[in-house]
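Notes to accompany the following structure.
The numbers here are math on the coordinates, done by the rules we state, and not lab data. This is a predicted model, so every value here is computed, not measured. Methodologically, a virtual Cβ is constructed for each residue, glycine included, from the backbone with ideal geometry; neighbour enumeration extends over all protein chains shown.
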Amino acid sequence: MKAIIYCRVSTTKDTQETSLSRQEEELLNLAKKNHFEVVKVIREQASGYDLERDGILELLDLIKEKDVNVVLIQDETRLGRGNAKIAILHCILKEEVLLYSISNNGQLQLSESDSMVLSIVGMVEEYQRKLHNIKIKRGMQRAVDKGYRPEKNLSNQGVNAGRERIEVPIEEIVRLRKNDLTFAEIAATLRGFGYNISKATVHRRYKEYVESLAEEE
């Protein structure tokens, strides 16, 4: 499994470099013990109460873009403190990424209070997502009522379809992604309109689209 190591100290003092190096060394050993492939090591010197941190923002981007399975940390306070910690934990866990820590010598065990807060946050977000999807569904239904037929874009229907490339409305994928839907939610929305498409395919097509834009620039 692919893993990212995240190390953080709270100040920018030179003496903190020793702590960062120790964290990295211990986490590399933890990754080796569990046979993880470390694709990135992020070292950061910043307050855990601050959400606007280059390292943590890079971590969240990599989780979404690189199919990362595990994040390794010394303990949960390295991700953040107070409300910032809860927000970051939620962002990581909702991507179905595992957290491993030195303090637990394996998969991170959250405290009862942290687990309860994350459960409440997840519940609220789930209802927000449902409301958002209802709005999208109504908008798509209006499009169908006006003659939009997404199923006509499918080229792999029939017995002899084999492994033909599934044609998907990349414009819809991009639009839904900009509305902060996950790849799983986008796949579910498109399947509702007849596209036999998986989360992995949506992710891959979106990635191809982003890469093509980068090549054009």
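Across the chain, the relative contact order, built from alpha-carbon pairs under 8 Å that are at least six residues apart, equals 15 percent. Stretching Arg191 away from Tyr209 to a fully extended chain increases their span by 4.5 nm, per 0.36 nm per residue minus the current alpha-carbon distance. Label sites at Ser198 and Lys137, each approximated as a point 7 angstrom past Cα along Cα to Cβ, lie 2.5 nm apart. Counting only residues at least eight positions apart within a chain, or on another chain, the aspartates and glutamates with an alpha carbon under 17 Å from that of Lys66 are Glu37, Glu58, Glu95, Glu96, Glu208, Glu211. When the helices of the chain are scored as -39500 (n - 2.57) per DSSP H run of n ≥ 4 and the total is divided over every residue, the value at 222 nm lands at -17000 deg cm²/dmol.
Compute, for the range 1-109, the length of the dipole vector about the Cα centre, with Cβ point charges of +1 (Lys, Arg) and -1 (Asp, Glu) only. Units Debye, rounded to 20.
220
Normalising the average separation of contacting C-alpha pairs (under 8 angstrom, six or more residues apart) by the number of residues puts the relative contact order of the range 1-115 at 31 percent. Report the calculated FRET efficiency for Arg175 and Arg22 (r = Cβ-Cβ distance, R0 = 45 Å), to the nearest 0.05. FRET efficiency, Arg175 to Arg22: 0.50. For the range 47-91 and the range 99-127, what is the centre-to-centre distance using only Cα atoms, to the nearest Å? Here the answer is 13 Å between Cα centres.
Placing unit charges on the Cβ atoms of the charged side chains and taking the dipole of the chain about its Cα centre, the candidate lying farthest along the positive direction among Asn29, Val174, Leu60 is Val174. Past the 27 Å Cα-Cα mark, which pairs from Lys13/Lys207; Lys33/Lys199; Lys2/Lys137; Lys178/Lys199? Pairs exceeding the cut-off: Lys13/Lys207; Lys33/Lys199; Lys2/Lys137. One compactness figure for the chain is 1.22, namely its Cα radius of gyration divided by 2.2 N^0.38 Å. Under the combined filter of DSSP loop state and at most 10 neighbouring Cβ atoms within 10 Å, the range 1-64 retains none of its chymotrypsin sites (Phe, Trp or Tyr not before Pro). A Förster radius of 35 Å combined with the Cβ-Cβ distance from Met1 to Lys130 puts the calculated FRET efficiency at roughly 0.70. Charge dipole of the range 88-142 (Cα centre as origin; +1 on each Lys and Arg Cβ, -1 on each Asp and Glu Cβ, all else neutral): 660 debye, rounded to the nearest 20.
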